[in-house]
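The values are calculated or read from the model by the stated rules, or taken from the named source; none is laboratory data. Since the model is a prediction, treat every value here as computed from it, not as a measurement. As a convention, Cβ positions derive from the backbone with ideal geometry for all residues, glycine included, and neighbour counts pool all protein chains shown. With ligands, DNA and RNA removed, areas are computed over all heavy atoms of the protein, side chains included. Shrake-Rupley method; radii C 1.70, N 1.55, O 1.52, S 1.80 Å.
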Amino acid sequence: MTDPQRTPIPVAQDSNSPDIAWRPSPAYIERSRLRRFMDRHGIASVAELMNRSVADIAWFWDAVVQDLDLEWFQPYTQVVDLSRGIEWPHWFPGGRYNYVHDAVDKHAERLRPQATALIWEGEDGAVITLTYAELAAQVNRAANALKALGLGKGDRVGVFMPMVPETVIATLAISKIGAIYIPIFSGYAGAAVATRLGDCGARLLITADGFYRRGGQVPMKETADEAAAASPTVEHLLVVRRLGRAVPWTAGRDVWWDELVPQQSAECATEQTDAEDPYMIIYTSGTTGRPKGAVHTHCGFPIKGAQDMAHGFDLQPGDVLFWITDIGWMMGPWAISGSLMLGATLMIYEGVPGYPQPDRLWALVERHRVTHLGISPTAVRSLMGQGDHWVKAHDLSRLLFFGSTGEPWNPDPWRWLFDVVGEGKRPILNYSGGTEISGGILCCNPLLPLKPCSFNAPVPGMAADVVDAEGHPVRGEVGELVIRQPWVGMTRGFWQDPDRYIETYWSRIPGIWVHGDWALIDEDGFWYILGRSDDTIKVAGKRVGPAEVESAAVSHPAVAEAAAIGVPHALKGEVVVVFVMLRPNYAPSEPLRGEIEAAIVHQLGKSLKPEAVRFVQDIPRTRNAKILRRLVRRAYLDEPLGDTSSLENPAALEAVQGAQ
């Protein structure tokens, strides 16, 4: 393993470059939690902090625990044990820790019981606000309800929910009793939900009758029923009554939230879990095979997320975090655990940011005094075309930071957000990492300058680098984004599939985590993410593996084989294009194209509807029948093909280029 002390980590340097768009003001420096952390440890610069944080990981993560004021049921005897190798660190051995104590209990009991913990606004305008004391009582009632259904430590519970208060309450209640939480995207079709429930053996699915979106009602209970029917381990559906609509009901299995939870006691002791007990399995799509269930523990994902918010986003008590996301994507659980552990206020919103008018998002920021707004480049591209007057009509003076993750920026929307919404003075804290990371590899922090679309440093504690195929550092040219040292938030492997975890991240360059992103570090120390180096597709920030799309296409009886790729899209960043080979006795037609598209939507949900379905006679593949999606994509986009030496059937490239 390369010694991280011999590979200094670049961070952004100030210069006279005209590309620098923002420099930290005295006000940002003065309030900075990261600056206070550095002062406490006698560290003079971010560059010095970065290199010390990865050269002595035991010192750093122990210092993080102290900085975040985390409280343990039983103290740890060691920070990290690497006896099983860098791939399998054991963090905080001997310690007993449940993050819900830090997220809810201590605030409700003594630190800030009357401070606002949660603000929710529905698309219909309904608003619910909970203090830490009120949130604690609700979480305790929900935890006791789970126990009444027979759930306990180690049981898996799916949460297939819209962004409503019960989603936050359920998330915390599951962890409070030591069960394992499975967040599931609210837009998935039944088959995709069932895949996740079945893989982890979930006993309970928490869902809703539906939710509001763009003024309409989106049903969820029927989708949950379909998933439960295909998931033999699911014993109960706990259903939140959001819309009050009539839904199918299975007596003995289905339970209304509002009939079970409120009658429970508001007192419930938090399970004293081992620090490394799993608290969440969150599924992320890979390039091949079924979705991967990334396993996260109480001392992992929540601590890493809180540290990122503290040191990168400078989130503090009294701040209000509003990150536009879904509970099924990493940023949903991240926002819940991290904001509450830091004693801040979490805001969530049910609907879309442009409904019923293009200023809904800015009205939310103004009304709820948001300080930290997380927004994707896709959302910005959608809103910027509506006109600047929608922004200027609102008082955004309390807003301090923008956060952004999920996909690379391009310059025009970045400048619009910074110049028009941010008035040229609010930094855009770009953030990139992933589900298996528990947050960010790279971020921006308000102690360093910013260039558009860039990252000004890795997150402290992340031994990030950009390397060539042999693992040697490269600067000023594109390489693979890697991590050279373990960190507290790294996934503890994939659920019941340790070999796949090793193959995915550790097999290409021994001893180094290869993340699967192309990256570049410029001459001033700014970092850039340039897209995935694997085949994973990101549609408006939603990650899907081509294998899942292809499997859905092949479920149609006419389809013999399929290849799915992501192609650039002005609004969504990427969209899905699917190439299909038909079985004998089937001929291409527009009705058939529609049926195949419908089969994909049925499996994966409307948000992952393909932009196009193309018919081909053959699909490029290797001699061992592996589909060469890289060549499919390049041929379709008429880009240089590069190395084609592994291609078994060159004529298939012409079929892709001429696909109808």
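Of the residues that make up the stretch 296-314, is at least one open to solvent by 10 Å² or more (accessible area, probe 1.4 Å) and either at positive phi or assigned to a strand (DSSP E or B) (or both)? Scanning the stretch 296-314, I find no residue that is open to solvent by 10 Å² or more (accessible area, probe 1.4 Å) and either at positive phi or assigned to a strand (DSSP E or B) (or both), so the answer is no. Restricted to the stretch 496-551, and to residues there that are among the aromatic types (Phe, Trp, Tyr) and open to solvent by 40 Å² or more (accessible area, probe 1.4 Å), the residue that is nearest to residue 481 (Cα to Cα) is 518. Among residues of the stretch 510-529 that are within 28 Å of residue 89 (Cβ to Cβ), those with a Cβ under 8 angstrom from a residue that is surrounded by fewer than 21 Cβ atoms within 10 Å (Cβ to Cβ) and small (Gly, Ala, Ser), sequence gap 6+ or separate chain, pair up as 512/471; 515/434; 516/533; 517/531; 517/533; 518/531; 518/533; 521/476. Only strands (runs of 3 or more DSSP E) whose full extent lies in the stretch 483-586 are considered here, and the ones with at least 2 residues that are of a type in the set (Val, Ile, Thr) and under 30 Å from residue 198 (Cβ atoms) are 537-539, 559-569, 573-582. Taken over the stretch 587-619, the criterion of being over 27 Å from residue 530 (Cα atoms), touching a helix residue (DSSP H, G or I) at 6+ places or on another chain (Cβ under 7 Å), open to solvent by 40 Å² or more (accessible area, probe 1.4 Å) and not in a helix (DSSP H, G or I) is satisfied by 617, 618. The listed residues are 117, 202, 143, and the only one of them that is within 29 Å of residue 366 (Cβ to Cβ), small (Gly, Ala, Ser) and buried (at least 23 other Cβ atoms within 10 Å of the Cβ) turns out to be 117.
Suppose we keep only residues that are of a type in the set (D, E, K, R) and open to solvent by less than 10 Å² (accessible area, probe 1.4 Å) within the stretch 170-199. Which one would you say is farthest from residue 243 (Cα to Cα)? Lay out the reasoning, then the answer.
In the first step, residues of the stretch 170-199 are kept if they are of a type in the set (D, E, K, R); the result is 176, 196, 199.
Those still in the list that are open to solvent by less than 10 Å² (accessible area, probe 1.4 Å) too: 176, 196.
Values: 176: 28, 196: 26 Å.
Among them, the one singled out is 176.
Could you list, in sequence order, the residues of the stretch 377-386 that are crowded, with 22+ Cβ neighbours inside 10 Å and either farther than 23 Å from residue 456 by Cα or free of Cβ contacts under 8 Å to residues at least 24 places away in the same chain (or both)? If the condition is that a residue be crowded, with 22+ Cβ neighbours inside 10 Å and either farther than 23 Å from residue 456 by Cα or free of Cβ contacts under 8 Å to residues at least 24 places away in the same chain (or both), then 383 is the only one that fits.
Among the residues of the stretch 215-261, which ones are basic (Lys, Arg) and open to solvent by 70 Å² or more (accessible area, probe 1.4 Å)? The answer is 241, and nothing else. Note on the stretch 387-403: among residues that are open to solvent by 20 Å² or more (accessible area, probe 1.4 Å), of a type in the set (A, V, I, L, M, F, W, C) and part of a loop (DSSP other than H, G, I, E, B), the one that is farthest from residue 118 (Cα to Cα) is 393. Is it true that some residue in the stretch 371-386 is modelled with pLDDT of 95 or more, polar (S, T, N, Q) and either over 21 Å from the mean Cα position of the chain (by Cα) or not in a helix (DSSP H, G or I) (or both)? Yes. Looking at the stretch 620-637 only, could you name the residues that are at pLDDT below 85, part of a loop (DSSP other than H, G, I, E, B) and hydrophobic (A, V, I, L, M, F, W, C)? If the condition is that a residue be at pLDDT below 85, part of a loop (DSSP other than H, G, I, E, B) and hydrophobic (A, V, I, L, M, F, W, C), then 625, 628 are the ones that fit.
Looking only at residues in the stretch 90-134 that are assigned to a strand (DSSP E or B) and among the hydroxyl-bearing types (Ser, Thr, Tyr), the one that is farthest from residue 79 (Cα to Cα) is 129. For residue 493, the requirement of being modelled with pLDDT of 95 or more, open to solvent by less than 10 Å² (accessible area, probe 1.4 Å), closer than 15 Å to residue 11 by Cα and small (Gly, Ala, Ser) is not met.
Of all residues in the stretch 95-114, exactly one satisfies the criterion of being surrounded by fewer than 24 Cβ atoms within 10 Å (Cβ to Cβ) and among the polar types (S, T, N, Q), namely 114.
Which of the residues that make up the stretch 258-281 are part of a loop (DSSP other than H, G, I, E, B), under 30 Å from residue 89 (Cβ atoms) and among the charged types (D, E, K, R)?
Of all residues in the stretch 258-281, those part of a loop (DSSP other than H, G, I, E, B) come to 261-273, 275-277.
With under 30 Å from residue 89 (Cβ atoms) added as a condition, the list becomes 269-273, 275-277.
271, 276, 277, listed by residue number.
Considering (1) open to solvent by less than 10 Å² (accessible area, probe 1.4 Å); (2) part of a loop (DSSP other than H, G, I, E, B); (3) in contact with a Phe, Trp or Tyr (Cβ under 6 Å, 6 or more places away or on another chain), the lone condition that residue 471 does not fulfil carries the number (3). Just one of the numbered conditions (1) in a loop (DSSP other than H, G, I, E, B); (2) open to solvent by less than 90 Å² (accessible area, probe 1.4 Å); (3) farther than 30 Å from residue 111 by Cα is not true of residue 51: (1). Annotation: residue 159 fulfils all but one of (1) open to solvent by 40 Å² or more (accessible area, probe 1.4 Å); (2) outside any helix (DSSP H, G or I); (3) within 30 Å of residue 495 (Cβ to Cβ); the unmet one is (1). Checked against the criterion of being in a loop (DSSP other than H, G, I, E, B) and in contact (Cβ under 8 Å) with a residue 40 or more places away in the chain, the candidates 343, 332 yield just one match: 343.
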